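Encoded as structure tokens, the structure appears first; notes follow it.
The values are calculated or read from the model by the stated rules, or taken from the named source; none is laboratory data. Computed from a predicted model, the values in this text were never measured in an experiment. All Cβ positions, even for glycine, are placed from backbone atoms using ideal geometry, and neighbour counts span all protein chains on display. Calculation scope for accessible area: heavy atoms of the full protein, side chains included, ligands and nucleic acids excluded. Shrake-Rupley method; radii C 1.70, N 1.55, O 1.52, S 1.80 Å.
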Amino acid sequence: MAHAHKLEIFRGLVKFKSNTQKIWGVLIFLTIVTAIEVVLGIYKPESLMAKFIGMKILNWIFIILTLVKAYYITWDFMHMRDEVKALRRMVVWTAIFLILYLIFILLQEGGYIESIYTTGYIKTDF
Amino acid sequence: MSNTVVATEIEGKAWGGGNEPLKASYGKMMMWFFIVSDALTFSGFLAAYGFSRFKFIDYWPIADEVFTHVPFLHGQELPMIYVAFMTFVLIMSSVTMVLAVDAGHHLNKGKVTIYMFLTIIGGLIFVGSQAWEWATFIKGDFGAVQTKGGNILQFVDADGHRVALRDFVVGEHTERTEHGRENGLWFVEEGTLPTYTVEEVVSGLEAHENILVRTQLLNEHGEKTVLSRAESLKQLKNNGTHVVEGANLKENEYGSPLFADFFFFITGFHGFHVFSGVIINIIIFFNVILGTYEKRKNYEMVEKVGLYWHFVDLVWVFVFTFFYLV
């Protein structure tokens with residue numbers, strides 16, 4: 001059976017000869033990303049500790065690298081790259097939209113309760 | 001993709017499964033929908049973790065200091081190394097899974113068998129590692145004292161290194177029988193008593209000049225606050241209620257009880273997914289050996305469990321980031 005796999009990643013920058021080769025290529029990429037995360041997590045460079053939009057730059061880097069990994073797992077391991085556009089959008093945008101909403105609500109409220117704990121008359125440290 | 005199961009009875013029946021909207025077979029599309037809903041469940045858990053963490057943003061335990069153990073390397077502080085290994089095992093088993101799917105497209109039964117087998121092994125290593133991680137977490141390492149307010153007091157030496165209770169507290173022999181069902185209220189039981197009492201910890205702290213108390217509060221450098229010698233003794237004497245060793249759902253020596261609760265809940269739920277994934281993989285593995293898909297001339301079933309398996313890997317990538325890194 002002949003299957004049409006799209007064999008290029010990084011928007012066509014790297015093109016593999018076969019599907020098997022692409023799988024190993026993606027593995028190497030994911031391993032490098034994980035290694036970067038672990039090294040940053042262990043050494044925690046002082047320069048990345050500055051805050052940026054309410055969070056440390058280091059944490060932003062972690063989250064972005066995670067999303068990059070998630071993209072390649074979904075697109076190449078789960079073959080989302082080979083599905084039709086409508087299926088892709090149906091799955092991805094539904095999840096992203098709902099998850100963003102969930103995160104916004106819960107983190108917003110968590111931050112509010114924290115402000116009550118610190119500025120209100122509730123004693124927690126005893 | 002044109003790898004529909006060759007099943008003659010549905011051919012041409014638009015409402016009987018013969019139709020392929022979005023060019024994906026029924027089974028694959030349903031697997032995608034399941035994955036979306038399961039992804040939302042996990043997001044709910046992780047967002048709830050974020051909620052609790054934002055609520056106690058200045059008191060949350062530092063994951064680097066909690067998960068420092070590696071099997072066979074006792075007493076060494078190696079933060080993240082073992083979790084990174086677990087992540088790599090899971091990604092690797094994802095790779096063998098996708099190779100099995102690829103071999104299935106070429107109808108190569110032998111290769112599918114080998115790759116499915118490797119995937120199962122990878123899954124088992126991961127579940128085993130997680131069990132070990134749980135056991136280490138539950139057992140604890142240094143021990144701590146809980147205060148009236150439910151906060152945790154840990155002990156450090158002058159350089160800021162953690163000191164275990166067993167290193168400076170002398171347990172005296174005391175007569176204190178555990179409360180059992182046979183005496184007193186039959187419906188009330190008492191768990192195992194901690195090794196030391198608070199009084200013993202106080203006298204241990206008084207005897208060792210160089211030991212200080214560390215609180216849960218994070219300072220501006222993101223490190224836990226260490227109290228002065230006088231403050232240490234005062235805090236321990238006035239507020240210490242009981243000794244905590246290890247972690248359970250009610251209290252833990254690492255800090256906020258919610259940290260342990262979410263650890264058990266999120267990694268447990270994920271571990272359950274890995275476990276069921278291994279079971280499903282084993283079933284498909286035997287089907288492959290028996291030649292079920294060979295006869296069907298189609299290995300789409302491998303592809304469908306593959307989707308589930310990759311999803312489990314995908315979730316772990318997020319759990320790894322939000323529980324261990326951020």
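Every residue, every condition in (1) among the polar types (S, T, N, Q); (2) out of contact with any Gly (no Cβ under 8 Å at 6 or more places or on another chain); (3) over 30 Å from B:VAL326 (Cβ atoms); (4) outside the structural domain of B:ASN151 (by TED's automatic domain parsing), yes or no:
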{"site": "B:VAL198", "(1), (2), (3), (4)": "no, no, yes, no"}
{"site": "B:GLN216", "(1), (2), (3), (4)": "yes, no, no, no"}
{"site": "B:GLY222", "(1), (2), (3), (4)": "no, yes, no, no"}
{"site": "B:GLU231", "(1), (2), (3), (4)": "no, yes, yes, no"}
{"site": "B:LYS234", "(1), (2), (3), (4)": "no, yes, yes, no"}
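Is it fair to say A:TRP24 is touching a strand residue (DSSP E or B) at 6+ places or on another chain (Cβ under 7 Å) and either part of a helix (DSSP H, G or I) or closer than 28 Å to B:PHE67 by Cα (or both)?
Here the answer is no, as A:TRP24 does not meet what is asked.
Can you tell me which residue within the stretch A:2-19, out of those that are within 15 Å of A:TYR72 (Cα to Cα) and at the interface with chain B (Cβ under 10 Å from one of its Cβ atoms), is surrounded by the most Cβ atoms within 10 Å (Cβ to Cβ)?
Applying the filter and picking the extreme gives A:ASN19.
Among the residues of the stretch B:40-89, write down those that are open to solvent by 50 Å² or more (accessible area, probe 1.4 Å) and more than 9 Å from chain A (Cβ to nearest Cβ).
B:THR41, B:GLU65, B:HIS69, B:PHE72, B:LEU73, B:HIS74, B:GLY75, B:GLN76, B:GLU77, B:PHE85
In this structure, is A:ILE63 in the same structural domain as A:ILE36 (by TED's automatic domain parsing), crowded, with 17+ Cβ neighbours inside 10 Å and assigned to a helix (DSSP H, G or I)?
Here the answer is no, as A:ILE63 does not meet what is asked.
Does any residue of the stretch B:126-139 turn out to be in contact (Cβ under 8 Å) with a residue 24 or more places away in the chain, in contact with a strand residue (DSSP E or B) (Cβ under 6 Å, 6 or more places away or on another chain) and within 18 Å of B:GLU77 (Cα to Cα)?
Yes, there is a match, as at least one residue in the stretch B:126-139 is in contact (Cβ under 8 Å) with a residue 24 or more places away in the chain, in contact with a strand residue (DSSP E or B) (Cβ under 6 Å, 6 or more places away or on another chain) and within 18 Å of B:GLU77 (Cα to Cα).
Restricting attention to the stretch B:243-282, which residues are hydroxyl-bearing (Ser, Thr, Tyr) and either without any contact (Cβ under 8 Å) to a residue 40 or more places away in the chain or farther than 15 Å from B:LEU90 by Cα (or both)? Full working, then the answer.
Step one: list which residues in the stretch B:243-282 are hydroxyl-bearing (Ser, Thr, Tyr), which gives B:254, B:256, B:267, B:276.
Passing the criteria: B:TYR254, B:SER256, B:SER276.
Would you check if A:GLU37 is at the interface with chain B (Cβ under 10 Å from one of its Cβ atoms), open to solvent by 80 Å² or more (accessible area, probe 1.4 Å) and of a type in the set (Asp, Glu)?
When the stated conditions are applied, A:GLU37 does not pass them.
How do the helices (runs of 4 or more DSSP H) wholly within the stretch B:202-305 filter down when requiring 2 or more residues that are open to solvent by 70 Å² or more (accessible area, probe 1.4 Å): which remain?
The helices (runs of 4 or more DSSP H) meeting that bar are B:229-239, B:268-290, B:292-296.
Just to be sure I understand the filter: pairs with C-beta atoms under 7 Å, separated by 6 or more residues or on different chains, first member in the stretch A:52-75 and more than 14 Å from A:VAL33 (Cβ to Cβ) and facing chain B (nearest Cβ under 10 Å), second member assigned to a loop (DSSP other than H, G, I, E, B) and of a type outside the set (A, V, I, L, M). Which pairs pass?
A:LEU58/A:LYS44
I want to confirm something. Restricting to the stretch A:71-89 and keeping residues that are in a helix (DSSP H, G or I) and over 19 Å from the mean Cα position of the chain (by Cα), which single residue is modelled with the lowest pLDDT?
Result: A:ASP82.
In the stretch B:114-138, which residues are farther than 18 Å from B:VAL83 by Cα and either open to solvent by 10 Å² or more (accessible area, probe 1.4 Å) or modelled with pLDDT under 95 (or both)? Even if it seems obvious, please write down each step before you answer.
Start the filter on the stretch B:114-138 by keeping residues that are farther than 18 Å from B:VAL83 by Cα, which leaves B:114-120.
B:ILE114, B:TYR115, B:PHE117, B:LEU118, B:ILE120, listed by residue number.
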